[in-house]
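Since the structure comes first, as structure tokens, the remarks are kept for the end.
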Amino acid sequence: MSAAPVIVTVAPTGPLTTREQHPGVPLTPREIAVAVAEAAEAGAAVAHIHARDERGEPTADPAVYAAIVGEIEQRCDIVVQASTGVGLSVPVADRVAVVDNDLYSVPMATLNPASMTFAGATFHNPPEFVHELAERMKERGIRPELEVYDFGHVRLCLDLVREGLISEPLQFSFVMGVRGGMPGDPALLPALRAMLPAGSAWQAIGIGSSQLPLSLAALALGGNLRVGFEDNVFWSKGVLADSNAQFVHRAVELAAAAGREVADPAYVRARLAAG
Ligand code: KMH
Ligand code: ZN
């Protein structure tokens, strides 16, 4: 079993979480940066970032991403991972700009390998778009976080390796509990892990109530953790979490209970540089 330090990622906003669901979901660049800095203080090494426009809707506007990155960099040295998933309503043509612009630079961004039904809508990731994103990311030295919502998506990611578009060591997210993807069942993690090349890192993203059991299972199996309002706003059944940082605190405590160290941003940067 891997004794690697646990990388805790905070996903403070996401594309879907609303103020109705949690009044504290951070939406503006400053709010997002404050939440990220609190999460960094609590032990998060990576911040997974979605941008919202002035109406609170998801946007791929690089100027908004740049504002968020700038605000975060003023406050902490967390590793910023930009979401190229952006939001279900944002056209694929707009989403390339998240990684292909000269307004900011990030070391990591998500890469979603397949289109799928996502809750009540369609998440568009056609093959030519996935290839274009991977090419732009390779040109700019941005490492992918590979977002796997179902078993077949691992195969699509490994095809990108064979095509020379992405390189090992790979970093996977198993996103579980989305209606349209695989369920949030911890029993699936060993089978998913077995599909990955040696040396891959992976984290479990549990949507809603699957977040805590998947975190526990991921820790036991050598995986990393992701928490935050993008995935879940409930601390316990019917009780809202105080903040994103509260979830990070719990992730760090769980890692300690599992006998695993928590990675700092320098560890993540060194790992990214190895690819
Ligand atoms: N919430 C979905 C649209 C990503 O960040 O790249 C998926 C998503 C993936 O957020
Ligand atoms: Zn996301």
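Name the shape class, rounded, prolate or oblate, that the alpha-carbon gyration tensor gives for segment 31-114, where a ≥ b ≥ c are the square roots of its eigenvalues, rounded holds for a/c under 1.5, and otherwise prolate holds if a/b is larger than b/c and oblate otherwise. Kindly include the intermediate steps, with their values, before the conclusion.
Details: a/c = 1.74, a/b = 1.57, b/c = 1.11.
Judged from the Cα gyration tensor, segment 31-114 comes out prolate (a/c at least 1.5, a/b above b/c).
Calculate, in nm to one decimal, what Ala266 and Glu163 gain on full extension: separation in residues at 0.36 nm each, minus their alpha carbon distance. Don't skip to the end; give the middle numbers.
On the way: separation 103, 0.36 × 103 = 37.08 nm, distance 2.98 nm.
Full extension of this stretch gives 34.1 nm more.
So how do His22, His124 rank on accessible area, 1.4 Å probe, biggest first, that is with the largest at the start?
On the way: His22 10, His124 100 Å².
Putting His22, His124 in descending order of accessible area: His124, His22.
Decide, for the chain, between rounded, prolate and oblate: order the square roots of the alpha carbon gyration tensor eigenvalues as a ≥ b ≥ c, take rounded if a/c falls under 1.5, and otherwise choose prolate if a/b is larger than b/c, else oblate.
Values: a/c = 1.22, a/b = 1.02, b/c = 1.19.
It is rounded, given that a/c, with a ≥ b ≥ c, falls under 1.5.
How much net charge surrounds Gly85 when only other residues with a Cβ under 14 Å from its Cβ are counted (Lys, Arg +1; Asp, Glu -1)?
Details: positive: Arg52, Arg95, Arg226; negative: Asp94, Glu145, Glu147, Glu230, Asp231.
The answer is -2.
Compute a Gaussian network model of the chain, connecting alpha carbons closer than 10 Å, and tell me which residue from Gly184, Gly152, Gly87 fluctuates the most.
Highest fluctuation among the options: Gly152.
Using heavy-atom solvent-accessible surface (probe 1.4 Å) with all chains present, what is the largest-first order of Cys157, Cys76?
Details: Cys157 0, Cys76 30 Å².
From most accessible down to least: Cys76, Cys157.
Whats the longest run of the chain with zero GluC sites (Glu not before Pro) that are DSSP loop and have at most 16 other Cβ atoms within 10 Å? Working shown, then result.
Numbers: sites that count: Glu20, Glu54, Glu163, Glu261.
Longest gap between qualifying sites, sites excluded: 55-162.
Loop sites only, by DSSP: take the trypsin sites (Lys or Arg not before Pro) in the chain that have at most 13 other C-beta atoms within 10 Å and name the longest stretch containing none of them. Working shown, then result.
Details: sites that count: Arg19, Arg55, Lys237.
The longest uninterrupted stretch comes out as 56-236.
The values are calculated or read from the model by the stated rules, or taken from the named source; none is laboratory data. Nothing here was measured: the structure is a model prediction, and the numbers come from that model. Because the Cβ atoms are built from the backbone with ideal geometry, glycine has one as well, and the counts that use them run over all protein chains shown. The area values use the complete protein model at the heavy-atom level, side chains included, leaving out ligands, DNA and RNA. Shrake-Rupley method; radii C 1.70, N 1.55, O 1.52, S 1.80 Å.
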